[in-house]
1. Within the bounds of segment A:182-196, is there any residue that is touching a residue at least 12 places away in the same chain (Cβ under 8 Å), part of a loop (DSSP other than H, G, I, E, B), among the β-branched types (Val, Ile, Thr) and in contact with a His (Cβ under 9 Å, 6 or more places away or on another chain)?
2. Of all residues in segment B:3-35, which are within 14 Å of chain A (Cβ to nearest Cβ) and of a type in the set (Ser, Thr, Tyr)?
3. From A:Val82, A:Val16, which residue is touching a strand residue (DSSP E or B) at 6+ places or on another chain (Cβ under 6 Å) and either of a type in the set (A, V, I, L, M) or closer than 20 Å to A:His188 by Cα (or both)?
4. Do we have any residue at all in segment B:51-64 that's out of contact with any Asp or Glu (no Cβ under 6 Å at 6 or more places or on another chain), buried (at least 22 other Cβ atoms within 10 Å of the Cβ), within 11 Å of chain A (Cβ to nearest Cβ) and in a strand (DSSP E or B)?
5. Could you check segment B:128-142 and list, in sequence order, the residues that are assigned to a loop (DSSP other than H, G, I, E, B) and either surrounded by fewer than 20 Cβ atoms within 10 Å (Cβ to Cβ) or in contact (Cβ under 8 Å) with a residue 24 or more places away in the chain (or both)?
6. Exactly one of these conditions fails for A:Gly148: (1) without any contact (Cβ under 8 Å) to a residue 60 or more places away in the chain; (2) farther than 30 Å from A:Ile202 by Cα; (3) in a loop (DSSP other than H, G, I, E, B). Give me its number.
7. Give me the residue from segment B:172-190 that is more than 14 Å from every other protein chain (Cβ to nearest Cβ) and under 14 Å from B:Leu85 (Cα atoms) and, out of that set, surrounded by the fewest Cβ atoms within 10 Å (Cβ to Cβ).
8. If a residue must be in contact (Cβ under 8 Å) with a residue 60 or more places away in the chain, assigned to a helix (DSSP H, G or I) and not basic (Lys, Arg), how many such residues does segment B:1-35 contain?
Protein chains: 2
Amino acid sequence: MITVALPKGALLKDSVACFAKAGLDFSAVLEPGNRQLMVPSHCGRAKALLVRNGDVPVYVAYGQAQLGVVGFDVLREHQMPVAQLLDLGFGGCHMSVAVKSTSGYKSAADLPPHCRVASKFTNCARKFFDDLDIPIELVHLTGSVELGPITGMAEAIVDLVATGRTLQENGLIAIEDLFHSTARLVGHPLSLRLDRGEIKEIVDDICIKNDLHGF
Amino acid sequence: MITVALPKGALLKDSVACFAKAGLDFSAVLEPGNRQLMVPSHCGRAKALLVRNGDVPVYVAYGQAQLGVVGFDVLREHQMPVAQLLDLGFGGCHMSVAVKSTSGYKSAADLPPHCRVASKFTNCARKFFDDLDIPIELVHLTGSVELGPITGMAEAIVDLVATGRTLQENGLIAIEDLFHSTARLVGHPLSLRLDRGEIKEIVDDICIKNDLHGF
């Protein structure tokens with residue numbers, strides 16, 4: 001039986017819709033009272049593992065799920081050995097550098113060397129500033145990163161920006177994008193190699209029915 | 001003005017009650033519709049920063065908050081340079097090793113060498129198994145760690161256990177405790193040293209009015 005790791009949170013609804021078009025109905029995970037973490041599809045052909053966005057590539061890399069849906073930001077941050085199969089298109093957002101709108105900084109290159117940058121995505125932030133040759137002090141936070149500049153702890157943040165409303169509400173402004181992120185369909189490499197058509201059929205169906213193009 | 005970092009989630013209500021007894025009323029953070037992350041106390045003498053449990057020691061270590069409330073588990077896992085001032089007593093739970101109740105393992109020493117252990121607290125888990133001289137493969141998860149053994153990805157988990165209900169619902173059982181955890185009052189070391197009585201008064205008040213003993 002195929003197991004699909006689905007991400008809790010913002011990407012869940014679109015992920016379910018995406019698999020529904022390919023004939024796998026996981027809509028039970030969307031029911032308000034649902035506490036189950038393993039949910040069979042309506043047809044019984046597959047089951048969904050309901051996990052955190054950041055844990056999807058872990059379950060797929062270890063082969064506990066043959067397929068998974070996860071934001072590209074997570075794939076860039078954690079670099080797990082999973083195969084990227086499709087860009088699903090939804091969940092679009094930017095990984096951006098943001099600063100206080102009153103700071104006067106117009107681009108990342110304006111930031112003073114050795115300034116503090118707060119982020120949940122410290123690997124992405126480290127690589128970006130290393131490539132720019134700007135030494136920074138990274139402060140790892142797990143939530144509400146916008147408090148970094150507000151409290152004066154950090155000069156800038158690196159975070160996901162979708163609508164920009166959270167930044168605006170907190171007096172921050174994005175000054176540079178690291179990359180654009182969307183939801184991706186990923187697969188367990190070994191399962192894909194040993195697949196006797198079952199996984200390929202699902203991936204092809206998702207691709208065709210959602211009018212997508214493979215990598 | 002004194003800034004206090006308060007942890008969102010399970011410890012918040014008791015943290016607010018604890019400071020209320022010392023004359024600092026942060027009850028505005030408990031209001032259902034509250035979206036503010038910086039909330040002044042009722043008296044205006046102090047303000048609260050509402051952050052994730054895991055971020056409390058970061059704000060306190062960098063001096064953005066002079067005081068903070070955080071679970072001992074977080075202090076053990078992240079080892080930030082903050083001063084532990086008081087054991088607040090609430091939020092009691094154990095950091096435990098748990099396995100499938102059908103597995104037959106009675107203690108951590110029964111686990112096979114090189115087995116997989118899933119945890120959010122990989123530093124605590126690593127230290128515990130290193131001390132036992134049992135080589136393990138750690139799998140870092142960010143949530144719903146109980147899925148590790150259920151899916152067969154991990155033989156055991158290391159996680160916080162309060163009532164044990166989540167374990168039981170998932171067919172797991174705790175077989176060994178790493179340590180007991182409660183909420184702690186922590187302080188920024190430099191602020192404590194430069195304090196002209198303002199912080200000490202709050203700490204003493206919390207200690208006396210909550211009938212606690214300092215370290």
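1. Scanning segment A:182-196 turns up no residue that is touching a residue at least 12 places away in the same chain (Cβ under 8 Å), part of a loop (DSSP other than H, G, I, E, B), among the β-branched types (Val, Ile, Thr) and in contact with a His (Cβ under 9 Å, 6 or more places away or on another chain).
2. B:Thr3
3. Being touching a strand residue (DSSP E or B) at 6+ places or on another chain (Cβ under 6 Å) and either of a type in the set (A, V, I, L, M) or closer than 20 Å to A:His188 by Cα (or both) holds for just one of A:Val82, A:Val16, which is A:Val82.
4. yes
5. Matches in segment B:128-142: B:Asp133, B:Ile134, B:Pro135, B:Ile136, B:Thr142.
6. Every listed condition holds for A:Gly148 apart from (3).
7. Out of the qualifying residues, it is B:Leu190.
8. The number of residues fulfilling the criteria is 4.
Each reported figure results from applying straightforward, stated rules to the coordinates on display, with no laboratory input. All of these numbers come straight from a predicted model, not from anything done at the bench. Reconstructed Cβ throughout: ideal geometry from the backbone, glycine too, with neighbour counts over all protein chains shown.
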